[in-house]
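The values are calculated or read from the model by the stated rules, or taken from the named source; none is laboratory data. Fair warning: this is a prediction, and the values are worked out from it, not measured in the lab. All Cβ positions, glycine included, derive from the backbone under ideal geometry; neighbour counts span all protein chains shown.
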Amino acid sequence: AEAVTTDGRRITLSANIEFEHEVDLVKQSGAEGVGLFRTEFFLLEREECPSEEEQFALYSRITASMKPHEVIFRTLDAGGDKVPGEPLLEPEPNPFLGWRGIRFSLARRDLFKEQMRAILRAGDTGRVGMMFPLVSGVGEVREAKMLLEQCVAELEERGTPVQSKIEVGAMIEVPSAAMVAADIAAEVDFLSIGTNDLIQYTVAVDRVNPRVASLYRSGHPGFIRLIKQVIDGASQHQIWTGVCGEMAGDLLYLPLLVGLGVDELSVGAQQVPLVKQAVRSLSYADCSALATEALRAGETRTIVELCDKAATAAYPELMS
Ligand code: PEP
Ligand code: MG
């Protein structure tokens, strides 16, 4: 069965993974692909980054095994709270505002290009996508794409031309990127909203600090309006928008995300069957009406109540 609403709106349901051994679980879950492969665990577990060949070996095993479904590899997201004691990084006073994600990759082009070549080559064994983390503006995306083109040319020179079309996306995890989502959308094939980071940067709450945890709310009206801006930006350029943070698997907010027009949800493999069942109980028309109302709300509480009502009406058995 597909993740389709009662009135025919189809949502692509994919899974997030960090390790190769999770692939079997993903296949059993009924996911339609991997929407987020977090590569930092594999890349940073040793003193030195694995070589292009080692990366290619892993990536191609995963894509071959997920065939015919797509696997979206997120390029290295070093920094922040990612991997404690990272060998590549010097300590920084504010790591969350520091040398993370695409910023690190654009500074360490040698490593970045090795990884992109490995991902491109894996495209010959299955369907591959690639996305860049912690983008803060369109300039970084253009620069990353320029390096990606260099990688394609280098592979051609080596006699291993890239055969397949690879989807390239930007993660939207920084408010400035959300605000210029339309400009970024002009450069890529999809946008994937990393809500874990986007919320923390929008409400200025460290996502791992318990003292301020109560302020970290997916239902904040400012955040909901920001998501809307991202989806609008993507639809201006006819590309799809996914959500791959924890919020994507939160059944409370599912009616709202569907109503806002999200095309893809990428969640933990264990959550796939539940989210699928929930999507199949929703009416897209009702969800759109809910989204319109939520976009007018001024308080988190109001949005949470609206979502709770919609979710409980559609799938009470999943909400208790
Ligand atoms: C996110 O920020 O929502 C995300 C999916 O990336 P990560 O949790 O790995 O930072
Ligand atoms: Mg993130």
Practice problem: Run Ser176 past the list (1) away from ligand 2 (no atom under 16 Å from the Cβ); (2) loosely packed, with under 14 Cβ neighbours inside 10 Å; (3) assigned to a helix (DSSP H, G or I) and report the number of the one that doesn't hold. | Solution: (1)
Quiz item: If you check Gly35, Gly129, Gly79, which single one turns out to be within 16 Å of ligand 1 (Cβ to nearest atom) and either surrounded by fewer than 18 Cβ atoms within 10 Å (Cβ to Cβ) or assigned to a loop (DSSP other than H, G, I, E, B) (or both)?
Solution: Gly79
Exercise. Looking at (1) within 20 Å of the chain's Cα centre (by Cα); (2) outside any helix (DSSP H, G or I); (3) modelled with pLDDT under 95, find the lone condition where Cys49 falls short.
Key: (1)
Quiz item: Going by the structure shown, is Leu260 among the hydrophobic types (A, V, I, L, M, F, W, C) and either modelled with pLDDT under 95 or over 16 Å from the mean Cα position of the chain (by Cα) (or both)?
Solution: yes
Self-check item: Failed item, numbered, when Ile231 is tested on (1) within 16 Å of ligand 2 (Cβ to nearest atom); (2) buried (at least 20 other Cβ atoms within 10 Å of the Cβ); (3) part of a helix (DSSP H, G or I); (4) not hydroxyl-bearing (Ser, Thr, Tyr)
Solution: (1)
Quiz item: With respect to Ala57, is the statement that it is free of Cβ contacts under 8 Å to residues at least 12 places away in the same chain and either part of a helix (DSSP H, G or I) or closer than 19 Å to Gly101 by Cα (or both) true?
Solution: yes
Quiz item: In this structure, is Val212 more than 16 Å from ligand 2 (Cβ to nearest atom), assigned to a strand (DSSP E or B) and either within 29 Å of Glu32 (Cβ to Cβ) or free of Cβ contacts under 8 Å to residues at least 40 places away in the same chain (or both)?
Solution: no
Quiz item: Looking at Ile102, is it within 15 Å of ligand 1 (Cβ to nearest atom), modelled with pLDDT of 90 or more and under 20 Å from the mean Cα position of the chain (by Cα)?
Solution: yes
Exercise. Mind telling me which of the residues Val168, Val152 ends up being β-branched (Val, Ile, Thr) and surrounded by fewer than 17 Cβ atoms within 10 Å (Cβ to Cβ)?
Key: Val152
Practice problem: List every residue pair whose Cβ atoms lie under 9 Å apart, where the two residues are 6 or more positions apart in sequence or sit on different chains, the first residue falls within the stretch 304-319 and is touching a residue at least 40 places away in the same chain (Cβ under 8 Å), and the second residue, located anywhere, is β-branched (Val, Ile, Thr) and part of a helix (DSSP H, G or I). | Solution: Met319/Thr312
Quiz item: Pairs under 6 Å by beta carbon, first residue within 30 Å of Arg207 (Cα to Cα) in the stretch 149-178, partner within 16 Å of ligand 1 (Cβ to nearest atom) and among the acidic types (Asp, Glu), six or more apart or different chains?
Solution: Glu173/Asp197
Quiz prompt | Members of the stretch 1-46 found to be small (Gly, Ala, Ser) and modelled with pLDDT of 95 or more, listed by number | solution = Ala3, Gly8, Ser14, Ala15, Ser29, Gly30, Ala31, Gly33, Gly35
Exercise. Scan the stretch 275-302 residue by residue and report those that are surrounded by fewer than 18 Cβ atoms within 10 Å (Cβ to Cβ) and part of a helix (DSSP H, G or I).
Key: Gln277, Ala285, Ser288, Ala289, Thr292, Glu293, Leu295, Arg296, Arg301, Thr302
Practice problem: Being in contact with a strand residue (DSSP E or B) (Cβ under 8 Å, 6 or more places away or on another chain) and not in a helix (DSSP H, G or I) is the filter; apply it to the stretch 185-209 and report the residue that is nearest to ligand 1 (Cβ to nearest atom). | Solution: Gly194
Self-check item: The listed residue being more than 13 Å from ligand 2 (Cβ to nearest atom), modelled with pLDDT of 95 or more and of a type in the set (A, V, I, L, M), out of Ala107, Ala57
Solution: Ala57
